[in-house]
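Take a look at the following structure, please.
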Amino acid sequence: MLESLYLNLGQHDALSEGEQALLASAMSTEKYFATGDDIVSEGSRPIYSTLIVDGLAARYKVLEDGGRQFTSLQVPGDFVDLHAFLLKTMDHGIIALSPCHVIAAEHSKLRTITEQAPHLTRLLWLDTLVDGAIHREWIVAMGRRSKISHLAHLICELFIRLQVVKRTAGMSFLLPLSQAELADVLGLSVVHMNRVIGTLRKIGVIGWANHKVTILDWQRLVEIAEFDPTYLSMNREPR
């Protein structure tokens, strides 16, 4: 059940069997969420951090006028709220964008890990740092990239992150988002979103049907996105 977590952390540095056992011992309750359910609510004070075992989720904020903005997507192997261990109160929500299977890591047990396992603590810390790096890339994309480049960048990022946790098939992956939800990611109207997807299809870099995205020309997609995966800290080295 924790394979995705081990793969996610293990891409940065080797996890020992003892560290894997410590992570497993911190896990408690399993839960299942339907599409559209809040996994973690804004303003809540969780006593555990939630790991995505299966499914796709998103961080989001809602404006006073009801407008919604997604600020990152969460895939299997991601702790959606590890930062809540220290921040205590959630300043945003986490919504299930597909049926999600999650498992909780109790904060009391995470505290024990920080006291007993410094290397594993650093890897968990790095996990939150990569979250911050992803947010920075999303801010740049939202403010400065063309919408075609923005979507291309999102596809590159998701492909790399899903490949790490073995959720790709060749150059394809599942993206179970409606165009309305994808529009909330890019800050577009649904009509404009449809045009952007159509443009990437037309120039032959992706195929997109039945929630399956297939990358047809990776190099060209990377060029359109100006994608540099450095922010994902993919190099495996001592931490």
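Taking R0 as 25 Å, what FRET efficiency do you get between residue 41 and residue 128 from their Cβ-Cβ distance, rounded to the nearest 0.05? Could the numbers behind the result be given before it?
Details: r = 20 Å, r/R0 = 0.80.
That gives a FRET efficiency of 0.80.
Here's a follow-up. Percent relative contact order of region 94-239, based on C-alpha pairs within less than 8 angstrom and at least six residues apart? All intermediate terms of the calculation are to be shown ahead of the outcome.
Details: 116 pairs, mean separation 41.6, N = 146.
Here the relative contact order equals 28 percent.
Give, rounded to the nearest 20 debye, the magnitude of the charge dipole that region 69-198 has about its Cα centre when Lys and Arg contribute +1 at Cβ and Asp and Glu contribute -1 at Cβ.
Numbers: 12 positive and 11 negative charges, 66 e Å.
The dipole of region 69-198 has a size of about 320 debye.
Mind listing the Cα extents of region 2-118 along all three principal axes, in Å, largest one first?
Projected onto the principal axes, the Cα atoms of region 2-118 cover 49, 25, 25 Å.
Tell me the Kirkwood radius of the chain: reciprocal of the mean inverse pair distance over distinct alpha-carbon atoms, in Å. Intermediate results must be reported in sequence, preceding the final value.
Details: mean 1/r = 0.0541 Å⁻¹.
It works out to 18.5 Å.
Bin by bin, in steps of 10 Å, what percent of the Cα pairs in region 141-232 do you find, going until the bin that has the longest distance?
Final binned percentages: 17, 54, 28, 1.
Compute the angle between helix 17-26 and the longest alpha-carbon principal axis of the chain, please, reported from 0 to 90 degrees and rounded to the nearest 10.
Approximately 90 degrees, to the nearest 10.
Also, I was wondering about something else. For region 52-79 and region 147-207, what is the separation of their C-alpha centers, rounded to whole Å?
For region 52-79 versus region 147-207, the Cα centre distance is 15 Å.
For the residue pair residue 121 and residue 202, what label-to-label distance in nm results when each label sits 7 Å from Cα along the Cα-to-beta-carbon direction?
In this crude label model, residue 121 to residue 202 measures out at 5.5 nm.
Moving to a separate point now. Counting only helical runs of four or more DSSP H residues, what would the 222 nm mean residue ellipticity of the chain come to if each run contributes -39,500 (n - 2.57) and the total is spread over all its residues? Intermediate results must be reported in sequence, preceding the final value.
Details: 9 runs with 106 residues, N = 239.
Counting only the DSSP helices, I get -13500 deg cm²/dmol.
If you don't mind, another one. Among 76, 118, 229, which one moves the most in a GNM of the chain with springs linking Cα atoms closer than 10 Å?
Largest GNM mean-square fluctuation: 118.
While we're on this one: Heavy-atom accessible area per residue, region 2-118, 1.4 Å probe: how many Å²? Spell out each step's value before the answer.
On the way: 5060 Å² over 117 residues.
Each residue of region 2-118 exposes 43 Å² on average to a 1.4 Å probe.
Taking the chain as a Gaussian network, Cα atoms linked when under 10 Å apart, which of 51, 162, 63 shows the biggest mean-square fluctuation?
Among 51, 162, 63, the largest mean-square fluctuation in the Gaussian network model of the chain belongs to 63.
Let me ask something else about it. Rounded to the nearest percent, how much of the accessible area of the chain (1.4 Å probe, protein heavy atoms only) is carbon and sulfur?
Values: 6140 of 11260 Å².
Taking all protein chains in place, the chain shows 54 percent carbon and sulfur surface.
Can you give the angle from 0 to 90° between the axis of helix 107-116 and the longest principal axis of the chain, with both taken from C-alpha atoms, to the nearest 10?
70 degrees
May I ask for the angle, rounded to the nearest 10°, between helix 118-144 and the longest principal axis of the chain, with both axes built from Cα atoms and the value confined to 0 to 90°?
Here the helix axis deviates by roughly 20 degrees.
What does a probe at residue 146 reach in region 203-223, counting residues whose amide N is under 18 Å from the point 7 Å along Cα→Cβ?
203-206, 217-223
The values are calculated or read from the model by the stated rules, or taken from the named source; none is laboratory data. Computed from a prediction, not measured in an experiment: that's the story for all the values here. Cβ: placed from backbone, ideal geometry, glycine included. Neighbour counts: every protein chain shown. Heads up: the accessible areas ignore ligands, DNA and RNA and are worked out on the full protein's heavy atoms, side chains in. Shrake-Rupley method; radii C 1.70, N 1.55, O 1.52, S 1.80 Å.
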